[in-house]
1. Any residue in the range A:249-257 that is touching a residue at least 12 places away in the same chain (Cβ under 8 Å) and more than 13 Å from residue B:45 (Cα to Cα)?
2. Looking at the range B:377-397, I want the residues that are free of Cβ contacts under 8 Å to residues at least 60 places away in the same chain and have a partner that is exposed (fewer than 15 other Cβ atoms within 10 Å of the Cβ) and in a helix (DSSP H, G or I) with Cβ atoms under 8 Å, at least 6 apart or on another chain. Which pairs are those?
3. Output the residue which, of all residues in the range B:210-234 that are in a loop (DSSP other than H, G, I, E, B) and touching a residue at least 40 places away in the same chain (Cβ under 8 Å), is nearest to the chain's Cα centre (by Cα).
4. Given the criterion modelled with pLDDT of 85 or more and under 30 Å from residue B:435 (Cα atoms), identify the matching residue among A:257, A:228.
5. Say we look at the range A:246-260 and pick out the residues that are part of a loop (DSSP other than H, G, I, E, B) and more than 30 Å from the chain's Cα centre (by Cα); which of these is nearest to the other protein chains (Cβ to nearest Cβ)?
6. I'd like the residue in the range A:100-134 that is surrounded by fewer than 24 Cβ atoms within 10 Å (Cβ to Cβ) and farther than 16 Å from residue A:222 by Cβ and, out of all such residues, is farthest from the other protein chains (Cβ to nearest Cβ).
7. Return the total of residues in the range A:15-31 being in a loop (DSSP other than H, G, I, E, B), crowded, with 21+ Cβ neighbours inside 10 Å and more than 14 Å from chain B (Cβ to nearest Cβ).
8. Taking the criterion of being assigned to a loop (DSSP other than H, G, I, E, B), in contact with a strand residue (DSSP E or B) (Cβ under 7 Å, 6 or more places away or on another chain), modelled with pLDDT of 80 or more and surrounded by 15 or more Cβ atoms within 10 Å (Cβ to Cβ), would at least one residue in the range B:282-304 satisfy it?
């Protein structure tokens, strides 16, 4: 991703990565990720894991008995008929409707690598996995240019992935309070069995999102921060004075990046993340925090606990 | 820094000190008030919550970033390298190389005045032309390096004047130097023919044609009179072959059945060429052949050290008792054999001298080829008869001429000075590269 040298003379702090550009091999990587997660899902079949498909069980078929397996899983009727041992394969019932919320507010244009870029890749990965699991996925993105301040797209089959990528490429970081707007818009979709939220989550408090919880609904919050937000000590040289600019509110703060300031920031960030972990754990919500420097594959795998 | 400058009495390129202005300007500019770098961040609220925020504007004025500091130091080192500091007590001294042409034409007479007694040689005349220039250089404290290209390699002597032995013609005819390789600043060519160097200087003797003997064949001498070549029967200069070592026998005496004594062959070759046998090495000797001493082989044999080896070349083959320690391995080996211990040199040849590790052949196949092969060796290594100079060397070579060379780039002791400049330049490059890397890391986020 090309980077622009920040201007020392201008009062503006331009966003480093406001848009989304998928690399040429992104489709191949999506497919590879999906295959890997399919393999992991098959390993979990019948083993009690709710990672991929939500709650509930469904009989999906038979497979040959493997030596050492629990004999209680044998289908004795089939054994009597065919004189060969088979076991019943159960699949946990897929949540048929998923929703993925993508925060595209101005702060998501911070990078590089751009938070919006990485979040868009994660959204595409989640949609691909959902489609493979037989789910219909609704994608909601914050959009300050629309009346409802959100843009949406529904994907039902793998043929809709091209439209999804085009939809994501058209996004541009802008506006404010994207997470709040998305939470507001998501409340109307009551049939969603699995809800993902991707953003930097600095424009909202965990309690503000707890209203999205429903009985039988799984919630996954994925926080993505840019390297200079995740670890400014490594991203910026020490001793330099930096004027931080909030791209949503325009607020400014000047700080000298001395060792005490950097350590204090690290403690403050750690405290905030700990607060999110505690709050989401109380409500049974999965929470993951990542640097945008990580690959989308790592983030999606963690979201499905693969 | 002041102490450093005080200890230096000279600079090779004083104007290079002006380059110090650049790092000074950069340092001053860096110390001025700078606007802090503006960066967008979604975690501003965390920074706002931090206690002990420091007013950054005042710090921006005082602190120079590390990458900029490295670049400033690099420019300072570069300015030093450009100025070329020279330690005190070591005046700038130059090394002047005088390349002397030692080909036969240089030792031909070149009269300076018609009524002069013993006319000097072309070499002496060229040296006379170069004398004022070289005296001036010596007076300035410069070093003069005299060089000539011998067949065995370059000979060099540091001296105020040409070595006296160089004023006489070498016994073997030396070729002219490879002039193109010596066309460098600080080099003066001493020669008799005008050339067109780009950087080297010239001291050309010039000279009229010098008729005289140009060759011999048998007992006939060939002279050039300036226009024609004249054959003078029976007037070839006396030439001698000196054979040392070995066993002195009559010409047709053979040792054992089928044995061939090398001495016999050598004497036949010499007789064919009109060369007489000498009892010692002297001015008439055109070739010396060294055979192993007569007792050496028998001593080696009784001690179990002599070898019977088979060898050959040029379509002949022979067997002989060889003293393996007679010749050391090295350059100039014309014939060698192999045994279990490796290669054994059998014949070493150089202009005017051939050394052998065997005295007689126990068996020989290819008599005619042997004769042709050895005759070629002996003819090739024989020196010219005294006084013989090839016709092209005797030809006229135009008027005298002198042109001073371009000044050399550094002094002999200044090899250390030029290396100091190089070290400073290398340090500047290293510091700048480090600064560049740090600077990119600072902004490539």
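1. Kept after step one, since they are touching a residue at least 12 places away in the same chain (Cβ under 8 Å), are these residues of the range A:249-257: A:249, A:254-257.
Next, only the ones that are more than 13 Å from residue B:45 (Cα to Cα) stay: A:256-257.
For the range A:249-257, residues touching a residue at least 12 places away in the same chain (Cβ under 8 Å) and more than 13 Å from residue B:45 (Cα to Cα): present.
2. none
3. Initial filter on the range B:210-234 (in a loop (DSSP other than H, G, I, E, B)): B:210-211, B:218-219, B:225-228, B:233-234.
This time we only want the ones that are touching a residue at least 40 places away in the same chain (Cβ under 8 Å), so: B:210-211, B:218-219.
Values: B:210: 30, B:211: 32, B:218: 37, B:219: 38 Å.
Among residues in the range B:210-234 that are in a loop (DSSP other than H, G, I, E, B) and touching a residue at least 40 places away in the same chain (Cβ under 8 Å), the one nearest to the chain's Cα centre (by Cα) is B:210.
4. Values: A:257 fails: modelled with pLDDT of 85 or more.
Exactly one of A:257, A:228 is modelled with pLDDT of 85 or more and under 30 Å from residue B:435 (Cα atoms), namely A:228.
5. Within the range A:246-260, the first condition is being part of a loop (DSSP other than H, G, I, E, B), and the residues that meet it are A:246-251, A:257-258.
With more than 30 Å from the chain's Cα centre (by Cα) added as a condition, the list becomes A:257-258.
Values: A:257: 9, A:258: 7 Å.
Residue satisfying both the conditions and the ranking: A:258.
6. Applying the filter and picking the extreme gives A:134.
7. If we filter the range A:15-31 for residues that are in a loop (DSSP other than H, G, I, E, B), which is where we start, we get A:15-25.
Still in the list and also crowded, with 21+ Cβ neighbours inside 10 Å: A:15-18, A:20.
If we keep only those that are more than 14 Å from chain B (Cβ to nearest Cβ) too, we end up with A:20.
Counting residues in the range A:15-31 that are in a loop (DSSP other than H, G, I, E, B), crowded, with 21+ Cβ neighbours inside 10 Å and more than 14 Å from chain B (Cβ to nearest Cβ) gives 1.
8. Yes, some residue in the range B:282-304 is assigned to a loop (DSSP other than H, G, I, E, B), in contact with a strand residue (DSSP E or B) (Cβ under 7 Å, 6 or more places away or on another chain), modelled with pLDDT of 80 or more and surrounded by 15 or more Cβ atoms within 10 Å (Cβ to Cβ).
The values are calculated or read from the model by the stated rules, or taken from the named source; none is laboratory data. Only a predicted model underlies this, so the values are computations on that prediction, with no experimental measurement involved. Heads up, the Cβs are rebuilt from the backbone with ideal geometry, glycines too, and the neighbour counts pull from every protein chain shown.
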